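The values are calculated or read from the model by the stated rules, or taken from the named source; none is laboratory data. All of these numbers come straight from a predicted model, not from anything done at the bench. Here the Cβ positions follow ideal geometry from the backbone for every residue, glycine too, while neighbour counts run over all protein chains shown. All accessible areas refer to the heavy atoms of the entire protein, side chains included, with ligands and DNA or RNA removed. Shrake-Rupley method; radii C 1.70, N 1.55, O 1.52, S 1.80 Å.
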Amino acid sequence: MKPAGKTVVIFGGRTGLLGQALTSAFNKAGALPVPLSSDDCDILDPLMVEETLDREKPDLIVNAAAYTQVDLAEDEQDKAFALNATAPPLLAALAARRSVPFVHYSTDFVFRGNKSVPYTEEDVPASFSTYGISKADGERGLLRLGYAKTLIIRISWLFGPGRTNFVRKILDLADSRDTLTVVDDQIGSPSYAPDIAANTLLLLKKNATGIYHLANSGETSWYGLASLAVSMAGKRCDVTPVPTSAYPTKAVRPAYSVLDLGKFIKATGVTPRRWEEALDEYIRMNFEPAADG
Ligand SMILES: NC(=O)c1ccc[n+]([C@@H]2O[C@H](COP(=O)([O-])OP(=O)(O)OC[C@H]3O[C@@H](n4cnc5c(N)ncnc54)[C@H](OP(=O)(O)O)[C@@H]3O)[C@@H](O)[C@H]2O)c1
């Protein structure tokens with residue numbers, strides 16, 4: 001589908017990290033995005049969703065809304081499953097009734113993390129965390145519904161403007177601390193939200209359906225991402241690598257969750273730029289250069 005002139009309802013598009021980048025990308029492509037927050041339309045309220053879709057008459061529905069607090073999900077399982085598992089197939093069913101394409105996002109955290117080569121779309125989800133299990137349930141619900149115009153895009157380690165994220169938190173901490181410790185034994189692919197949004201449009205132009213993996217090219221650890229961000233931003237803070245065991249969290253995260261981008265590259269002919277290049281753009285455009293001295 002070519003986005004120009006199309007009305008695109010984007011759940012999460014007004015306040016979400018990815019959603020805001022999608023809203024900008026659709027705007028730039030000449031589409032008519034309708035960005036929504038939970039205040040505009042609660043995706044757990046089917047009547048409200050139905051009313052919103054009847055009013056906006058979208059040509060495309062994008063679900064960038066989700067329960068994304070990985071550790072809190074361990075204590076708020078009902079909320080996580082309602083948003084991540086129950087809501088997506090209900091939204092897709094409403095898209096099917098209108099015969100419009102449906103785009104949904106999932107995560108590298110659906111994987112267990114015991115591989116040492118990138119995860120492909122054929123690998124079977126087997127998460128340890130409530131967040132990952134709820135997101136995998138959402139994917140399965142969509143596949144079970146079987147609406148042919150459904151595109152599921154798994155992304156990983158998202159950063160970008162508009163909402164707090166790992167890079168933003170690290171750079172804020174670096175302003176007030178001399179040293180930071182960050183885990184170096186979890187490996188993944190950082191994803192710059194504006195790149196994910198632009199590459200989503202490429203998949204849509206190819207009428208892609210089914211599951212695709214998408215991230216920036218390359219891989220690193222959280223330590224690798226944090227230390228490069230701190231040095232690119234010119235902050236005076238020592239970043240030290242530590243093992244996961246030194247930083248216990250409620251949710252168990254995959255040790256390795258790099259996503260294989262081969263299917264995306266084959267479908268679009270485009271190789272996403274490396275995460276270091278995207279990080280450089282994010283920092284240059286969103287953070288004041290550190291003062292000398
Ligand atoms: N962040 C990551 O590192 C990461 C990594 C891999 C995959 N993902 C996936 O990528 C997608 C986007 O994630 P993100 O980080 O951009 O999310 P986010 O910044 O946490 O934004 C979540 C969005 O969902 C909306 N929302 C929450 N509850 C809602 C409800 N009941 N009804 C309607 N909207 C609701 C929020 O609106 P309010 O602001 O009004 O609450 C917000 O706009 C998700 O599917 C996520 O699982 C994210």
Restricting to the range 8-47, name every residue that is more than 9 Å from the ligand (Cβ to nearest atom), open to solvent by 10 Å² or more (accessible area, probe 1.4 Å) and either farther than 16 Å from L91 by Cβ or assigned to a helix (DSSP H, G or I) (or both). T23, S24, A25, N27, K28, A29, G30, L32, P33, P46, L47
Specify which of the listed residues (A198, A148) is outside any loop (DSSP other than H, G, I, E, B) and either open to solvent by less than 40 Å² (accessible area, probe 1.4 Å) or of a type outside the set (S, T, N, Q) (or both). A198
Residue tally, condition closer than 22 Å to G132 by Cα and over 19 Å from the mean Cα position of the chain (by Cα), over the range 43-70: 1
If I go through the range 54-98 residue by residue, how many of them are away from the ligand (no atom under 13 Å from the Cβ) and closer than 14 Å to T7 by Cβ? 9
From the list T181, T220, T150, T209, which one is under 21 Å from P243 (Cβ atoms) and touching a residue at least 60 places away in the same chain (Cβ under 8 Å)? T181
Scan of the range 225-253 for residues that are out of contact with any strand residue (DSSP E or B) (no Cβ under 8 Å at 6 or more places or on another chain), crowded, with 17+ Cβ neighbours inside 10 Å and assigned to a loop (DSSP other than H, G, I, E, B), ordered by number: A233, K235, A251, V252, R253
Failed condition for W222, given (1) of a type outside the set (G, A, S); (2) open to solvent by 40 Å² or more (accessible area, probe 1.4 Å); (3) within 21 Å of the chain's Cα centre (by Cα), with all others met? (2)
